[in-house]
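Taking it in order: structure first as structure tokens, then the write-up.
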Amino acid sequence: MVAARIEHSGVVERTERDTVYVRITSHSACGTCKAREACGLAEAQDKIVAVKSPDAAQFAVGEQVIVGVRRSAGAVAVILAYVGALAVLLAVLVAAVAVLGWSEGRGALAALGAVGVYYCVLWLFRHKIEHTIHFSITKHY
């Protein structure tokens, strides 16, 4: 059975009114490799996640916590970030080359420009998108 939630442990960086900022260290697939120190390719990246919670005042700086999100929210993020951009890229490329008769180079530039516009539109609607992805936070015991 697949878990309904994606969870990561982290450390509280700071709190503000109804928001807890949590530092999560994500490790690449190299994390479990025995040779990771020798190859120099091992990668760990810190991310700060803002979690809205009415109980924000109950969390202290430096405290270990678990941040979770519904797995379906992760799927929505992947669709918006990658699948949507790919669909725009392919649609504009095909339309420019096959329908409008542009050269492949010109069509590729138009497709890349359209992807840029797509990401700008996502950025403009980021506050609306944020409300569809809800993080939860619990103390790590």
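Based on what the data block shows, is A85 open to solvent by less than 50 Å² (accessible area, probe 1.4 Å) and modelled with pLDDT of 95 or more?
yes
Kindly list the number of the only condition in (1) of a type in the set (S, T, Y); (2) assigned to a strand (DSSP E or B); (3) modelled with pLDDT of 80 or more that fails for S26.
Failed condition: (3).
Return the pairs, sorted by first residue and then second, in which the second residue is among the polar types (S, T, N, Q), the first residue lies in the range 127-141 and is touching a residue at least 60 places away in the same chain (Cβ under 8 Å), the beta carbons are less than 9 Å apart, and the residues are 6+ apart or on different chains.
Every condition considered, the pairs that remain are F135/S53; S136/S53; I137/S53; K139/Q58; K139/Q64; H140/S9; H140/Q64.
Quick test for you: out of A91, A57, pick the one residue that is farther than 30 Å from V121 by Cβ, modelled with pLDDT of 85 or more and either open to solvent by 40 Å² or more (accessible area, probe 1.4 Å) or of a type in the set (S, T, Y) (or both).
Working: A91 fails: farther than 30 Å from V121 by Cβ.
That would be A57, the only listed residue that is farther than 30 Å from V121 by Cβ, modelled with pLDDT of 85 or more and either open to solvent by 40 Å² or more (accessible area, probe 1.4 Å) or of a type in the set (S, T, Y) (or both).
Here is a yes/no grid of residues against (1) exposed (fewer than 12 other Cβ atoms within 10 Å of the Cβ); (2) closer than 30 Å to S53 by Cα; (3) among the acidic types (D, E); (4) in contact with a Pro (Cβ under 9 Å, 6 or more places away or on another chain):
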site	(1), (2), (3), (4)
A98	yes, no, no, no
L109	no, no, no, no
Y119	no, yes, no, no
F125	yes, yes, no, no
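If you check A98 against the conditions, is it among the aliphatic types (A, V, I, L, M) and either closer than 30 Å to E13 by Cβ or modelled with pLDDT under 85 (or both)?
When the stated conditions are applied, A98 does not pass them.
The values are calculated or read from the model by the stated rules, or taken from the named source; none is laboratory data. Model, not experiment: these values are computed from the prediction. Cβ sites come from the backbone with ideal geometry, for glycine too, and all protein chains shown count toward neighbours. What goes into the accessible areas is simple: the full protein's heavy atoms, side chains included, and nothing from ligands, DNA or RNA. Shrake-Rupley method; radii C 1.70, N 1.55, O 1.52, S 1.80 Å.
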